[in-house]
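> My questions all concern the structure below.
The values are calculated or read from the model by the stated rules, or taken from the named source; none is laboratory data. This is a predicted model, so every value here is computed, not measured. Cβ placement follows ideal geometry from the backbone for every residue including glycine, while neighbour counts extend to all protein chains displayed. Surface areas here come from the heavy atoms of the whole protein model, side chains and all, with no ligands, DNA or RNA. Shrake-Rupley method; radii C 1.70, N 1.55, O 1.52, S 1.80 Å.
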Amino acid sequence: MKTPRYLVPNDYMADPSAHVFEGKIFIYPSHDWESGVAENDNGDHFNMRDYHVFSMEDAQAEAVDHGVALRLEDIPWAGRQLWDSDVAFKDGKYYLYFAMKDKNDIFRIGVAVSERPEGPFIPQAHPMQGSYSIDPCAFADDGAHYLYFGGIWGGQLQFYRDNMLLPPCDLPHFHETGLSAKVARLKDDMLEFAEHPREVLLLDEEGNPLKQGDTDRRFFEAAWVHKYNGKYYFSYSTGDTHLLCYAVGDSPYGPFTYQGVILTPVVGWTTHHSILEFNGKWFLFYHDTVPSGGKTWLRSMKMVELEYDEDGMIKTIAGQ
Ligand code: FUB
């Protein structure tokens with residue numbers, strides 16, 4: 001299957017995080033809808049209020065909608081905007097990590113727990129201590145679980161330095177080191193960080209940190225991590241240049257050296273993805289806005305097979 005296909009033709013789903021649980025593919029997307037909020041650089045138009053979970057028996061199957069797994073009004077600390085989420089499994093329980101603005105309009109990361117991969121998920125009373133910004137990605141490796149996160153502009157990462165909110169701090173200057181995603185190992189209970197989040201350093205081919213002004217390569221949002229042939233692949237969106245890129249490293253903490261583009265720009269402002277191995281093949285899950293006629297805030301989930309060359313380089317996929 002190298003032809004992309006839409007997975008949920010009758011509803012708008014974005015930011016798909018895909019995992020194999022119980023021998024099936026489970027997908028955790030954001031649920032776009034027409035809320036009427038005007039489009040702006042803060043992303044207020046992404047005004048989502050619930051999550052649905054989907055499963056597929058195999059890569060060719062229809063995506064089955066398991067219904068609402070978590071609602072904004074059931075989260076005690078809710079302000080607004082349920083953005084990208086991801087799920088990890090440990091000791092019989094599924095942990096949904098999600099980004100949402102609290103009552104002060106600050107993005108935090110919350111956790112909700114279920115005994116089933118499709119939910120329903122019961123939210124914790126408070127966001128994760130020390131969490132901020134958006135786009136959580138849960139990655140399991142050798143028995144440890146890590147959470148990656150961060151996103152600039154509407155994702156608020158530019159207001160933080162050394163894990164502290166420091167307004168009026170903003171993006172670094174264009175020739176300074178680019179703002180990085182963060183990563184922290186999770187505690188055994190999966191509900192909190194076990195350490196202070198660390199910087200996910202992205203390097204160029206000469207070992208120099210990517211600069212903020214290198215907009216075709218620097219990190220913007222939508223971190224994802226997978227392992228291929230013993231190497232760690234950190235992939236992400238470049239935001240305003242609309243590329244999905246990747247960088248490779250020898251540890252889940254990085255540093256990661258830039259390799260190339262996974263997906264050229266799709267129709268729509270945002271680009272966001274996950275990468276999954278299923279039955280020996282690799283797949284890219286992503287979204288575009290073709291079905292909504294290009295409405296930035298009404299995105300549709302897709303999947304396509306992803307291929308590597310003999311050196312482990314990902315072959316670039318055309319977004320359009
Ligand atoms: O869906 C809302 C936001 O749009 C996500 O958190 C970003 O990654 C972008 O896809």
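> Are any residues in region 233-284 of a type in the set (Gly, Ala, Ser) and buried (at least 18 other Cβ atoms within 10 Å of the Cβ), and if so, which ones?
Initially, region 233-284 is screened for residues of a type in the set (Gly, Ala, Ser), giving 235, 237, 239, 247, 249, 251, 254, 260, 268, 274, 280.
Those that are of a type in the set (Gly, Ala, Ser) and buried (at least 18 other Cβ atoms within 10 Å of the Cβ): Ser235, Ser237, Gly239, Ala247, Gly249, Gly254, Gly268, Ser274.
> Kindly indicate whether any position in region 311-319 is under 15 Å from the mean Cα position of the chain (by Cα), more than 14 Å from the ligand (Cβ to nearest atom) and either touching a residue at least 40 places away in the same chain (Cβ under 8 Å) or buried (at least 18 other Cβ atoms within 10 Å of the Cβ) (or both).
The initial filter retains those residues of region 311-319 that are under 15 Å from the mean Cα position of the chain (by Cα), namely none.
Within region 311-319, none of the residues are under 15 Å from the mean Cα position of the chain (by Cα), more than 14 Å from the ligand (Cβ to nearest atom) and either touching a residue at least 40 places away in the same chain (Cβ under 8 Å) or buried (at least 18 other Cβ atoms within 10 Å of the Cβ) (or both).
> Can you spot a residue in region 203-223 that is within 23 Å of Met13 (Cβ to Cβ) and of a type in the set (D, E, K, R)? Before the answer, list the steps.
Kept after step one, since they are within 23 Å of Met13 (Cβ to Cβ), are these residues of region 203-223: 220-223.
Now narrow it down to the ones that are of a type in the set (D, E, K, R): 221.
The answer is yes, given that some residue of region 203-223 is within 23 Å of Met13 (Cβ to Cβ) and of a type in the set (D, E, K, R).
> Something else now. Check region 127-144 and report whether any residue there is of a type in the set (D, E, K, R), surrounded by 15 or more Cβ atoms within 10 Å (Cβ to Cβ) and under 25 Å from Ile25 (Cβ atoms).
At the first step, the residues of region 127-144 found to be of a type in the set (D, E, K, R) are 135, 141-142.
Add one more test, that the residue is surrounded by 15 or more Cβ atoms within 10 Å (Cβ to Cβ), and what stays is 135.
Of the ones still in play, those that are also under 25 Å from Ile25 (Cβ atoms) are 135.
Yes, region 127-144 contains at least one residue that is of a type in the set (D, E, K, R), surrounded by 15 or more Cβ atoms within 10 Å (Cβ to Cβ) and under 25 Å from Ile25 (Cβ atoms).
> Taking the stated definitions as given, is Gln259 part of a strand (DSSP E or B) and of a type in the set (S, T, N, Q)?
Values: part of a strand (DSSP E or B): yes; of a type in the set (S, T, N, Q): yes.
Yes; evaluated as a whole, the condition is true for this residue.
> Report yes if Ala14 is closer than 28 Å to Gly294 by Cβ, of a type in the set (Gly, Ala, Ser) and buried (at least 16 other Cβ atoms within 10 Å of the Cβ), otherwise no. Give the steps one after another, and end with the answer.
On the way: closer than 28 Å to Gly294 by Cβ: yes; of a type in the set (Gly, Ala, Ser): yes; buried (at least 16 other Cβ atoms within 10 Å of the Cβ): yes.
Judged against the criteria, Ala14 is a match.
> Open to solvent by less than 20 Å² (accessible area, probe 1.4 Å), within 29 Å of Phe26 (Cβ to Cβ) and at pLDDT 95 or above: does that describe Gly178? Lay out the reasoning, then the answer.
Working: open to solvent by less than 20 Å² (accessible area, probe 1.4 Å): yes; within 29 Å of Phe26 (Cβ to Cβ): no; at pLDDT 95 or above: yes.
Criteria not met by Gly178.
> In region 17-34, which residues are open to solvent by less than 50 Å² (accessible area, probe 1.4 Å) and within 16 Å of the ligand (Cβ to nearest atom)?
If the condition is that a residue be open to solvent by less than 50 Å² (accessible area, probe 1.4 Å) and within 16 Å of the ligand (Cβ to nearest atom), then Ser17, Ala18, Ile27, Tyr28, Pro29, Ser30, His31, Asp32 are the ones that fit.
> With Ala138, Ala144, Ala181, Ala99 as the choices, which residue is touching a residue at least 40 places away in the same chain (Cβ under 8 Å) and either away from the ligand (no atom under 16 Å from the Cβ) or in contact with a helix residue (DSSP H, G or I) (Cβ under 6 Å, 6 or more places away or on another chain) (or both)?
Ala144
> Residue by residue through region 99-115, note down the ones that are open to solvent by 40 Å² or more (accessible area, probe 1.4 Å) and in contact with an Asp or Glu (Cβ under 9 Å, 6 or more places away or on another chain).
Kept after step one, since they are open to solvent by 40 Å² or more (accessible area, probe 1.4 Å), are these residues of region 99-115: 103-106, 108, 115.
Arg108, the sole residue that qualifies.
> Within the bounds of region 169-192, is there any residue that is among the hydrophobic types (A, V, I, L, M, F, W, C), farther than 21 Å from Ser274 by Cβ and not in a loop (DSSP other than H, G, I, E, B)?
Let us first name the residues in region 169-192 that are among the hydrophobic types (A, V, I, L, M, F, W, C), namely 169, 171, 174, 179, 181, 183-184, 186, 190-191.
In the following step, the residues that additionally are farther than 21 Å from Ser274 by Cβ were identified as 169, 171, 174, 179, 191.
Retained after the next criterion (residues that are not in a loop (DSSP other than H, G, I, E, B)): none.
There is no residue in region 169-192 that is among the hydrophobic types (A, V, I, L, M, F, W, C), farther than 21 Å from Ser274 by Cβ and not in a loop (DSSP other than H, G, I, E, B).
> Shifting gears a bit: Give me a count of the residues in region 188-245 that are within 16 Å of the ligand (Cβ to nearest atom) and small (Gly, Ala, Ser).
Going through region 188-245 one residue at a time, the tally reaches 5.
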